[in-house]
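All of the numbers you see were taken from the coordinates with simple rules; none came from a lab. Every value quoted in this text rests on a predicted model; they were computed, and no experiment measured them. Please note: Cβ atoms are built from the backbone with ideal geometry, for glycine as well, and neighbour counts cover all protein chains shown.
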Amino acid sequence: MYLPTEGYRIFAGTSNPDLAREIAEYLHTSLGQMRLERFSDGEIYAASEENVRGVDAFVVQSTCPPVNDNIMELAIIIDSLKRASAERITAVVPYYGYARQEKKDAPREPIAARLVADILATAAGADRVVTIDLHAGAIQGFFRIPTDHLTALPMFANYFLRKRLEGITVVAPDAGRVKAAEKLADYLNAPLTVVYKRRPHHQEAEVTHVVGDLEGQIPIIYEDMIATGGTLEACVEALLDHGAKPEIYIAATHPILTGPAVKRLNRREIAEVVVTNTIPVPPEKRFPRLRILSIAPLLAEAIRRIHHNESVSALFKPPMVNNEPMY
Ligand code: R5P
């Protein structure tokens, strides 16, 4: 009934089954059979329906909304595989929830991103983690197990290189994104503008400074995630005020798209919002200017390389415009 395992199996949680299927297809395999149920009180039940003794298991689960359920489901799947004697368990977490709580910004705050790492690795027993564009790279250090931190930046760069836009400027919408935006600017051979943002309250964004020459430029804003879209809305306004063309591109790895996000982004000055499928976008949140690039080839290739003990860093190679890229 099942395809040969070749020693590895990919299992999917319920957060992003389409992505997991796509990864499996790319690797010419089928998904492992995992029984996932909810008890009447909301408790999660997970059990592999196939033998996993000695198997190199990969569990694909984004910890996107419902964040807490998805984290718990991932932990329970890992626990079930561990107790069923899987040889090694890799948590493939395309979007890592709670990443924005990675340090104490005020007294008595938690460091929830560390807590989640402990739940997955220390409590549940993951042996390895694969993730993409963490909100803060230092989160890798929260795990005492190998962590492969992949990035969608080369994929975005390829997308924009193929568009052959003239007069572009890459924009970091806040100080936290400067390094990533700088890399995208390098790939695109474009200048960089940095927007400084402050948050008077959670969920509120305010631009204080814009550093860069935007007059007549086409901005490409790089953002790790879009939640309410407040950061991007404030950034777009500031760019327009500073003379940018009303043809603004947004590249964002994780489309959380909560509350007013779609309304804020679906405006004529925004030419395209380019995201990936680390988080599924339901039909009601799709709008004509939204482009979704698939991260499945990148994750599939990472899984293949990890299983065969090959280098994963080769996946970070810079894009080339005339050489059709794989990722
Ligand atoms: C925060 O620093 C992140 O990089 C994003 O800018 C932020 O989380 C996006 O949230 P929102 O879309 O609600 O402004």
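Compute the length gained on full extension between Asp18 and Ala112: take 0.36 nm times their separation in residues and subtract their Cα-Cα distance, giving the result in nm to one decimal.
Gain on extension, Asp18 to Ala112, equals 31.1 nm.
Name the residue farthest towards the positive end of the dipole of the chain from the options Thr29, Gly243, Pro110, assuming +1 on Cβ of Lys and Arg, -1 on Cβ of Asp and Glu, about the Cα centre.
Value computed over the given set: Gly243.
Report, in debye and to the nearest 20, how large the dipole of the stretch 153-293 comes out about its Cα centre when Lys and Arg carry +1 and Asp and Glu carry -1 on their Cβ.
Using only the charged Cβ atoms, the result is roughly 480 debye.
Restricting attention to the stretch 66-122, which trypsin sites (Lys or Arg not before Pro) occupy a DSSP loop and are surrounded by at most 11 other Cβ atoms within 10 Å? It would help to have the intermediate numbers written out before the result.
Numbers: sites: Lys82, Arg83, Arg88, Arg100, Lys103, Lys104, Arg108, Arg114; in loops: Arg100, Lys103, Lys104, Arg108.
Hits after loop and neighbour filter: Lys104, Arg108.
Take every DSSP beta bridge whose two residues both sit in the stretch 131-282, then give the antiparallel share in percent to the nearest 5.
Among the beta bridges of the stretch 131-282, antiparallel pairing accounts for roughly 20 percent.
Rounded to the nearest 5, what is the percent of antiparallel bridges among the DSSP beta bridges in the chain?
If we restrict to bridges inside the chain, about 20 percent are antiparallel.
Got a sec to turn the phi values of the stretch 29-41 into Karplus ³J(HN,Hα) couplings, 6.51 cos²θ - 1.76 cosθ + 1.60 with θ = phi - 60°, whole Hz, x for Gly and Pro?
Using θ = phi - 60°, the values come out as 9, 10, 6, x, 8, 10, 8, 10, 9, 10, 6, 4, 8 Hz.
Only four residue types carry charge here, +1 at the Cβ of Lys and Arg and -1 at the Cβ of Asp and Glu. Report the dipole size of the chain about the Cα centre in Debye, rounded to the nearest 20. Before the final figure, lay out the partial values.
Numbers: 36 positive and 41 negative charges, 26 e Å.
About 120 debye.
Taking the Cα of Arg305, stepping 7 Å toward and past its beta carbon, and measuring to each backbone N in the stretch 154-168: which are under 15 Å?
Answer for the stretch 154-168: 154-155.
Which whole number in µm²/s is D for the stretch 141-219 by Stokes-Einstein, with the Kirkwood Rh taken over Cα pairs at 10 °C and 1.306 mPa s?
The calculation lands on 111 µm²/s.
Grab the beta carbon distance between Thr122 and Arg164, set R0 = 51 Å, and tell me the FRET efficiency rounded to 0.05.
0.60
Percent relative contact order of the stretch 45-141, based on C-alpha pairs within less than 8 angstrom and at least six residues apart? Write out the running numbers ahead of the final one.
On the way: 162 pairs, mean separation 29.6, N = 97.
Relative contact order here is 31 percent.
For Arg144 and Lys179, calculate 0.36 nm times their separation in residues minus their Cα-Cα distance, and state this gained length in nm to one decimal. List each step's numbers first, then the result.
Values: separation 35, 0.36 × 35 = 12.60 nm, distance 2.46 nm.
Length gained between Arg144 and Lys179: 10.1 nm.
Quick check: pseudo-label points 7 Å beyond the Cα along Cα→Cβ at His202 and Lys82, how many nm apart are they?
Output for this residue pair reads 2.9 nm.
Extension gain Asn68-Glu247, at 0.36 nm per residue separation less the Cα-Cα distance, in nm?
Working: separation 179, 0.36 × 179 = 64.44 nm, distance 3.74 nm.
Taking Asn68 through Glu247 to full extension adds about 60.7 nm, to one decimal.
With unit charges on the beta carbon (Lys/Arg positive, Asp/Glu negative), name the residue among Tyr196, Tyr159, Ala180 whose Cα is farthest towards the positive pole of the charge dipole of the stretch 148-228.
Tyr159
Mind ranking 57-69, 28-40 by how tightly packed they are, going by the mean number of other C-beta atoms within 10 angstrom, highest first?
My ranking of the peptides, most packed first, is 57-69, 28-40.
Where Rh is the Kirkwood radius over the Cα pairs of the chain, the temperature 4 °C and the viscosity 1.567 mPa s, what D in µm²/s does Stokes-Einstein return?
63 µm²/s
Considering only DSSP states other than H, G, I, E and B, which trypsin sites (Lys or Arg not before Pro) in the stretch 159-196 qualify as loop sites with at most 11 other Cβ atoms within 10 Å?
In loop regions of the stretch 159-196 (DSSP not H, G, I, E or B), the sparsely surrounded trypsin sites (Lys or Arg not before Pro) are Arg164.
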